[in-house]
Amino acid sequence: MNASSPEPRWYEPWARASGEARAQQCFADHFGEAAAGVWSAPGRVNLIGEHTDYNFGLALPTIIRHRTFVAASVRDDDDLVIVSSGGEDIVGPGKRWQGPMDDITPESTDGWPAYPAGLVWALRERGYDGPGLNLAFSSSIPIGAGLASSAALTCSTAMAVNALWRLALDSDERHIELAEAAMDAENLMAKTPTGGLDQYTSLFCREGSAIEIDFSTSPPTFRPTPLYFPDYGLALLVIVTPKRHRLTDGRYAQRYDECQQASKALGVQSLREVADDPHGLRRVEGLSEEVLKKRARHVVSEIERVRLVSEELAGTAPAHERFVDIGRQIYRSHTSLAVDFEVSCAELDLAVNAAWTSGALGARLVGGGFGGAAIALVRRTQMDATARLIDQSFMDAGMERPGFLVS
Ligand code: GLA
């Protein structure tokens, strides 16, 4: 690394008050008055358990400090109006979207407004209703980074609509409906396939904690798992690679289909059943079709890795031993995602390899893959050096530079 290397670029989170003020300002700029309130929802990273949600498996995500804020009020008519503060924030075709709520259909919206419009549509499909709405968004979550920026859009909208329409979907049990509506908005309206990991995490996970989500039941069950990384001088460094991540290009859907086919070939309803069988991996090895074998091997072994990491987090062995083990599972997850599930790319592999070289305890891609972000479990004192080394590796490889944030 030479002495004149530029500083790594950090995405700074906004303090709650600052995010709320930005959304209020955006609202005032567009609607000429103060909003009735501001609601927000965070993005997420997944410690481990990738592509397990739609296989009825386990995942262990946590939220990030970056959030999407929405300032909102009811209107006198039945229109929905969606605006954003733009700039580095939520971008998309057009900064203002307006239409009667009755006209919202899966065919009628496009671009980022399809997410909040889809949420309103999904709640109305479920029989909830209320007056038209003005919604003004401001977000510090990097877009297209695999950090669930779209779930933060739908979930912040869900919080606002829940309050403004007085739906009282506030208990955990009823909050599930908001998460399901947010999933419908993405799957049916924005036509972005998703398995629920992002929406449940955004709505149910609390700061300082991860949640183990068990997708084997409907609705899933949640187990809060305290994340005491800071107490031991550790942090999760998030590396936002320059390769944008998209779920709509068919490759995520293809992985979903391959998992269905693998289940069928194994004679089970879901790959979770195989993961619960002590001889599950042996059964997977018996699959004759190589691609299905690889996909199933990732899912089954990934569910096992979630179990191992959860056990280590709750365990009583000396902390350094547990963190080394957790880090090892995180590296294994990346290898499995890259080799068996084939959802990595050069940028994500580079980020993980550079994290390894800099001594990170563990690193892997997060989210759907094919671009987006990676995480690295690092000693806090090493965080800047790790970011510099990763940044330099991208420059040396002639790639656009990544950005960084701390979860
Ligand atoms: C995306 C989807 C999630 C999940 C992850 C992979 O983020 O939205 O539902 O499947 O990919 O774990």
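Here each label is just a point 7 Å from Cα along the line to Cβ, and for Arg9 and Phe222 those points are 3.3 nm apart.
Taking only the Cα atoms of segment 228-406, the ratio Rg/Rh comes out at 1.01, with Rh defined as the Kirkwood radius. Given in Å, the Rg to one decimal and the Dmax to the nearest whole number for the Cα atoms of the chain are 21.1, 65. Going by a ≥ b ≥ c, the root eigenvalues of the Cα gyration tensor, does segment 286-357 fall in the rounded group (a/c under 1.5), the prolate group (a/b larger than b/c) or the oblate group? Judged from the Cα gyration tensor, segment 286-357 comes out oblate (a/c at least 1.5, b/c at or above a/b). With contributions of -39500 (n - 2.57) from each DSSP H run of at least four residues, the per-residue ellipticity at 222 nm computed over the chain stands at -12500 deg cm²/dmol.
Once the 1.4 Å probe is applied to the protein heavy atoms, the chain comes out at 40 Å² accessible per residue.
Principal axis extents of the Cα atoms in segment 9-224, from largest to smallest and rounded to whole angstrom, are 46, 43, 30.
With θ taken as phi - 60° and the Karplus curve 6.51 cos²θ - 1.76 cosθ + 1.60 applied, the whole-hertz 3J(HN,Hα) list for segment 122-137 is 5, 5, 5, 4, 7, x, 8, 8, x, x, x, 9, 9, 10, 10, 9 Hz, x standing for glycine and proline.
Surface composition of the chain: carbon plus sulfur atoms hold 49% of the accessible area, using a 1.4 angstrom probe and ignoring ligands, DNA and RNA.
Applying a DSSP loop filter and a limit of 16 other Cβ atoms within 10 Å to the GluC sites (Glu not before Pro) in segment 258-338 leaves Glu289. Around the Cα centre of the chain, unit charges on the Cβ atoms of Lys, Arg, Asp and Glu (plus for the first two, minus for the last two) sum to a dipole of about 960 debye.
The Cβ shell under 14 Å around Ala122 holds other residues with a net charge of -3, Lys and Arg each +1, Asp and Glu each -1.
Helix 251-266 and the long axis of the chain differ in direction by around 60°, with both axes built from C-alpha atoms. Within segment 160-209, report the trypsin sites (Lys or Arg not before Pro) that DSSP leaves as loop and that have at most 15 other Cβ atoms within 10 Å. When the trypsin sites (Lys or Arg not before Pro) of segment 160-209 are filtered for loop state and at most 15 Cβ neighbours within 10 Å, Arg166, Lys191, Arg206 remain. In loop segments of segment 1-87 as defined by DSSP, the GluC sites (Glu not before Pro) with at most 16 further C-beta atoms inside 10 Å of their C-beta are Glu33. Percent of Cα-Cα pairs more than 20 Å apart in segment 342-404, please. When every Cα pair of segment 342-404 is considered, 18 percent fall beyond 20 Å. The calculated Kirkwood hydrodynamic radius for segment 171-263 is 15.6 Å, given to one decimal from all distinct C-alpha pairs. Under a 5 Å amide H cut-off, with hydrogens placed 1.01 Å from N, Leu80 pairs with Gly99, Met101, Leu133 among residues at least 5 apart or on other chains.
If you take the Cα centroid of segment 122-194 and the Cα centroid of segment 366-407, the two points sit 30 Å apart.
The values are calculated or read from the model by the stated rules, or taken from the named source; none is laboratory data. No experiment lies behind these values; they were computed from the predicted model shown. Neighbour counts are summed over all protein chains in view; Cβ atoms, including those assigned to glycine, are modelled from backbone coordinates with ideal geometry. Ligands, DNA and RNA are excluded from the accessible area calculation, which covers all protein heavy atoms including side chains. Shrake-Rupley method; radii C 1.70, N 1.55, O 1.52, S 1.80 Å.
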